[in-house]
Amino acid sequence: MAPAGVDKEVFNRRLLRLYNAWKEGKDDWGKIDAMVVPVGVDEEVVYSKSTAIQTWLFGYELPDTIMVFCESVVYFLSSKKKIEFLKAIETKDENGLPPIKLLIRDKGDKDKANFDKLMEAITGSKGGKKIGTFTKDKFPGEFMDSWRSVFSGAKFETLDMGPTLASVMAVKEESEIHTMKRAFQVTMDVLNKYLKDQIMDIVDGDRKARHQKLAEGVESAASDKKYVSGVDTTQVEMCYPPIIQSGGNYNLKFSAITDKNYLHFGTIICCLGARYKSYCSNVVRTFFVNPAPKQEEYYNFLCEVEEELHKYLIPGAKLNEVYDKVVAFVKKGKPELVDKLTKSFGFGMGIEFREASLLIGPKCTATVQKGMTFNIHIGFSDIKNDASSDDGGKKYALFLGDTVLINESGPATPLAPTKKKLKSIGIYLKDEDEEEEDEKENEPEPTDVVGRNRRTAILESKLRQEHTSEEKRKQQQKELAASLNDAARERLAKQKGGKEVEKVRKSNVSYKSTSQMPKEKEIEELKIYVDMKYETIILPVFGMPVPFHISTIKNISQSVEGDYTYLRVNFFHPGATITKAEGSFANPEATFLKEVTYRSINTKEPGEISAPSANLNTAFRLIKEVQKKFKTREAEEREKEDLVKQDSLVLSMNKGNPKLKDLYIRPGLSQKRISGTLEAHSNGFRYTAIRGDKVDILYNNIRHAVFQPCEGEQIILLHFHLKNAILIGKKKNFDIQFYTEVGELHTDLGKHQHMHDRDDLAAEQAERELRHKLTSAFKSFCEKVESTTKGDVEFDTPFRDLGFPGAPFRSTVLLQPTSGCLVNLTEWPPFVISLEDVELVHFERVQFQLKNFDMVFVFKTYTKRTVMINAIPMNMLDHVKNWLTSCQIHYTEGIQSLNWVKILKTINDDPEGFFENGGWNFLEPDSDTEDHDDDDEEDEDETFEISEDEGSEEDSDSEEYSEVDEDEDDDDDSASEGGSSEESGKDWSDLEAEAAEADKNQNNFQDEYTRTKGSSGGSKRPVPSSSSASSSRHRDSPSKKHKSSSPSKSRHSHSSSSRDRDRDRRDRHSHSKSSHSDKKRPRESSRDSPKSNKKHRK
């Protein structure tokens, strides 16, 4: 990545530390008159003091550069491009620092003039005789050779300043510690997620694997996002080639070379260290396969020794004294291991992997200081193992190491959480006989000890069967479900008593006293008057002018009917509408005016200037204007009422502030899109548009900062999700985005293109270069901001590989997880969900026959509405589940969509009762009630069987019954539903008897029914009289019911004949025909009864 410039603040701060040490004259600083640091190009040199001081000052290595530090001036000689990079630090005398002068190389005279300037400055600094250099650093190249010939010709006395400079650089700043912590985390990720699993696979499969092959895999894994997350993998490299040793051949030094021998299933020593942004880290672990009891004893003792070493590394302690104390501890605990101890117990670490001047050994008298970082490593070598049966295991070694930070008080601590106890690194193999014995015993408490069964090993992150990934996920989800309700109940208990107070509608007063009432002519004439100043309408009521504030008016309407104009005014009052504002009146029991209507004539009397209705027209127009103005102002006040007042932005006048130009902002500052510049200041960002608009975002208000590169996208962007909303324009916004386009968002389909068109190829090449340039600029900006804010602002990058499609709003987009949230930032509005706010996730419509499912996020704050993502493809279900499980988020699933508004209302009304009744367990698919219901349904399915003929016939009967019953009244429907459970077991003959009994109770209708039944099809039906019109609805219902009684008989005979196995099929078929023909007639007559009645009347 091309560097954007030097961080001037960091450079000045560190250069000042160097000159202060020089002025104090400690160590060798007081012996030198000047210091010269030439840096050339040597690919074989990885670590050197010359490149280390460049990285410390500039953040980058600058080859072919000469640095000269004099008492009153600092010179940098380099190429034109590098001098442009250093341009920001060129200053005159500033902040107690000497002036900094930049010289550009001149190849014409082979830098003779530049060398003369440098030699003149060196000889003029103090005595100009004793010069500090790094004697071990001798870079090749023509430029370096020319300088050495000039420098050696002056016959200066030189002094090696390597150890002296190391003491200045040893104490790390906060930004350096933060970078080293990320480097150490990368090391631990590679160890736990890759190397540990690889060793387990080899042991599990009883395979052969060479040490060298394993080491090569570790180097590849260090740059693989699958194993390393949260860092820019392009800036990760290994400090040294990883070391894998086993089988009795052990060399407990970091200069050891991994051999090509096969991995031995005994004692395995692994050493690896990752380097991130030029800062180093290291870890050493020893793995065992079936260790002997003595090995376990020695390893546990080694862990104790390392803990003691941590305790001794405190500020003020001398390193040789620390070494002596550790040796004394070993002598006291295991005197037989003293001779087998490593020669040193660690060394200082930072930009260089090994700082020899800070060696934890018997001769180093350096003092430990707060902020130092050490690579501590301690081990025992050449230990005999009499319990081993093979040659490779008869001799072994133990080695343990971490990267630690010296604290202000207390023992040193590792830069990241580590696991090194025996239960985390031991691999235990079991035979089948041992396994059977273990199964008979009670299961022990779950631990991290690795077990093996029938030559099969298991680790926390490695499973042995085909479907064990699913089983492991289910097991983790069970654990999450078990803790979910307890955590929620505990959280609600803390929040108890903090209920929000209901907001009461603001009571607006028109006039505080009668003196404020306007003295207008219209008021005296009892006309409607609109007071624009006080937003009040004065209406004449019973001969009195009465003021009403505009907030009391719901709406108005105007209409013209004949010669009159009507103006209707509706007021707000309780019970008018069922809304969230219901009950928000200060005194809902008072008497409220609902509406007022005024009428005025449209005709003009002689002598009148205008018709009387002109007053209503004017009032209607003015009321509308005042209403619009009032509602707009209220909306703005509502937007502002929840705003949290932000701190003021502290502007940094440093010219080297991180800055990005030509960015667009979303949401836009105006209807037209305008570009601007984003600049990082002391406590926040400021975006300045080209027309002068400013938007400030403070660091302490940023909840999530996301950098989304242009990989697979047409824009590259920085997105800020805020803790508290800020106003842009007149609207609150929690999401602010700055972006620029990297390609054409629109394609001209009318343009004829050819795949080998030179213009198209050039355009593609230009777009690739633009993408690379923009990515480099944005990355550099993010890194500078992280360094400036000392980690207060950290930019996440979405994991595109973990993304899945879904529709959070209207369109389907790619949703991508980051380390702390789930986002889609390309489309607007953006979609951002903070994972730390999520209580659980529920999948809806999860069925095999459906192509998509929905995903509902339930938040820990139950007053917050749920968020749903629709239309996620069904084939992404396992992918999403794995991601949620890795984020420690519990999920459930179901086949139906739930009413989450009612569910959350139930929880908020009685949270304690909700959790007493099981809490979120009702969403679990394997709950007890559901299992019981499923068993009942299965029993019913097994017991119920029906023949093919019966099924078809009864289906037809049920269809006809449904058609007849649809015409019945609601009362009859409810009655039939109420008695369905009782009548379902009765015979048709019993039902007919009940129907006949009911007919006898209704004498009037029974007479009508018998007359109708006794007459032929052409006979007249009696017409109900007007006096019985009120009961016509009651009469129609039973009549229809009785007309279906004759088919009921045929149905009864038909169904009984179908159940009778001795009857002939032909008879059953004839019955079926007759029943169907009978059934059709009453249904038709019931539908056409109104028409037939009209014909009879005629």
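The values are calculated or read from the model by the stated rules, or taken from the named source; none is laboratory data. Not measured: the values here are computed from a predicted model. Here the Cβ is made from the backbone with ideal geometry for all residues, glycine too, and neighbour counts use every protein chain on show. In case anyone asks, the SASA skips ligands and DNA or RNA and just uses the protein heavy atoms, side chains included. Shrake-Rupley method; radii C 1.70, N 1.55, O 1.52, S 1.80 Å.
Please go through segment 536-553 and pick out each residue that is surrounded by fewer than 17 Cβ atoms within 10 Å (Cβ to Cβ) and either over 16 Å from N508 (Cβ atoms) or modelled with pLDDT under 90 (or both). Of everything in segment 536-553, those that are surrounded by fewer than 17 Cβ atoms within 10 Å (Cβ to Cβ) and either over 16 Å from N508 (Cβ atoms) or modelled with pLDDT under 90 (or both) turn out to be V541, F542, G543, M544. Counting only residues that are polar (S, T, N, Q) and surrounded by fewer than 17 Cβ atoms within 10 Å (Cβ to Cβ), segment 871-894 holds 4 of them.
Within segment 130-154, the only residue that satisfies the criterion of being open to solvent by 30 Å² or more (accessible area, probe 1.4 Å), in contact with a helix residue (DSSP H, G or I) (Cβ under 7 Å, 6 or more places away or on another chain), assigned to a loop (DSSP other than H, G, I, E, B) and not charged (D, E, K, R) is A154.
Could you please give the count of residues in segment 347-358 that are among the hydrophobic types (A, V, I, L, M, F, W, C) and surrounded by 21 or more Cβ atoms within 10 Å (Cβ to Cβ)? The qualifying residues number 4. The set of residues in segment 107-127 being touching a helix residue (DSSP H, G or I) at 6+ places or on another chain (Cβ under 7 Å), open to solvent by less than 80 Å² (accessible area, probe 1.4 Å) and at pLDDT below 90 consists of D111 alone.
Please verify whether I383 is modelled with pLDDT under 95, part of a loop (DSSP other than H, G, I, E, B), surrounded by 17 or more Cβ atoms within 10 Å (Cβ to Cβ) and not assigned by the TED database to the domain that holds E61, treating the condition exactly as stated. Spelling it out, it is not the case that I383 is modelled with pLDDT under 95, part of a loop (DSSP other than H, G, I, E, B), surrounded by 17 or more Cβ atoms within 10 Å (Cβ to Cβ) and not assigned by the TED database to the domain that holds E61. Under the condition of being modelled with pLDDT of 85 or more and exposed (fewer than 10 other Cβ atoms within 10 Å of the Cβ), the residues counted in segment 902-941 number 2.
When E61 is tested against (1) open to solvent by 60 Å² or more (accessible area, probe 1.4 Å); (2) under 20 Å from S125 (Cβ atoms); (3) touching a helix residue (DSSP H, G or I) at 6+ places or on another chain (Cβ under 9 Å), exactly one condition is not met: (2). Counting only residues that are open to solvent by less than 10 Å² (accessible area, probe 1.4 Å) and within 45 Å of the chain's Cα centre (by Cα), which one in segment 25-54 is nearest to E120 (Cα to Cα)? Across segment 25-54, the extreme among qualifying residues is V39. Here F914 clears all of (1) part of a loop (DSSP other than H, G, I, E, B); (2) farther than 30 Å from L814 by Cβ; (3) among the hydrophobic types (A, V, I, L, M, F, W, C) except the condition numbered (1). Within segment 771-799, the residues that satisfy the criterion of being surrounded by fewer than 17 Cβ atoms within 10 Å (Cβ to Cβ), modelled with pLDDT under 90, within 19 Å of T234 (Cα to Cα) and not polar (S, T, N, Q) are H772, K773. I'd like the full set of residues that are of a type in the set (S, T, N, Q) and closer than 22 Å to K594 by Cα, limited to segment 505-554. Within segment 505-554, S507, N508, S510, T536, S551, T552 meet the criteria. Of the residues making up segment 353-367, those that are in a strand (DSSP E or B) and of a type in the set (A, V, I, L, M, F, W, C) number 3. Taking residues in segment 588-602 that are touching a residue at least 40 places away in the same chain (Cβ under 8 Å), and partners anywhere that are loosely packed, with under 15 Cβ neighbours inside 10 Å, the pairs with Cβ atoms closer than 6 Å and at least 6 places apart or on different chains are N602/D563. Of the residues making up segment 800-822, those that are assigned to a loop (DSSP other than H, G, I, E, B), closer than 27 Å to S682 by Cα and either in contact with a helix residue (DSSP H, G or I) (Cβ under 8 Å, 6 or more places away or on another chain) or open to solvent by 40 Å² or more (accessible area, probe 1.4 Å) (or both) number 2.
To keep it simple, each residue is scored yes or no on (1) in contact with a helix residue (DSSP H, G or I) (Cβ under 9 Å, 6 or more places away or on another chain); (2) among the small types (G, A, S); (3) touching a residue at least 40 places away in the same chain (Cβ under 8 Å).
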site	(1), (2), (3)
M653	no, no, no
G668	no, yes, no
R691	no, no, no
L717	yes, no, yes
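Filtering segment 161-184 for residues that are open to solvent by 40 Å² or more (accessible area, probe 1.4 Å), closer than 26 Å to R17 by Cβ, under 52 Å from the mean Cα position of the chain (by Cα) and acidic (D, E) leaves a non-empty set. Considering segment 648-687, and only residues there that are polar (S, T, N, Q) and either over 24 Å from K87 (Cβ atoms) or open to solvent by 50 Å² or more (accessible area, probe 1.4 Å) (or both), the residue that is modelled with the highest pLDDT turns out to be S675. If you filter segment 535-545 down to residues that are more than 10 Å from V626 (Cα to Cα) and outside any strand (DSSP E or B), you find that the one that is nearest to the chain's Cα centre (by Cα) is F542.
With respect to (1) out of contact with any Phe, Trp or Tyr (no Cβ under 9 Å at 6 or more places or on another chain); (2) part of a strand (DSSP E or B); (3) β-branched (V, I, T), the lone exception for V36 is condition (1). Entry remark, segment 78-120: residues being assigned to a helix (DSSP H, G or I) and not hydrophobic (A, V, I, L, M, F, W, C) number 10 in total. Taken residue by residue, segment 354-364 has no member that is under 36 Å from the mean Cα position of the chain (by Cα), in the same structural domain as I268 (by the TED database) and not acidic (D, E). State which residue is farthest from the chain's Cα centre (by Cα) when the search covers only segment 554-573 and only residues that are of a type in the set (A, V, I, L, M, F, W, C) and open to solvent by less than 50 Å² (accessible area, probe 1.4 Å). Among those that are of a type in the set (A, V, I, L, M, F, W, C) and open to solvent by less than 50 Å² (accessible area, probe 1.4 Å), it is L567.
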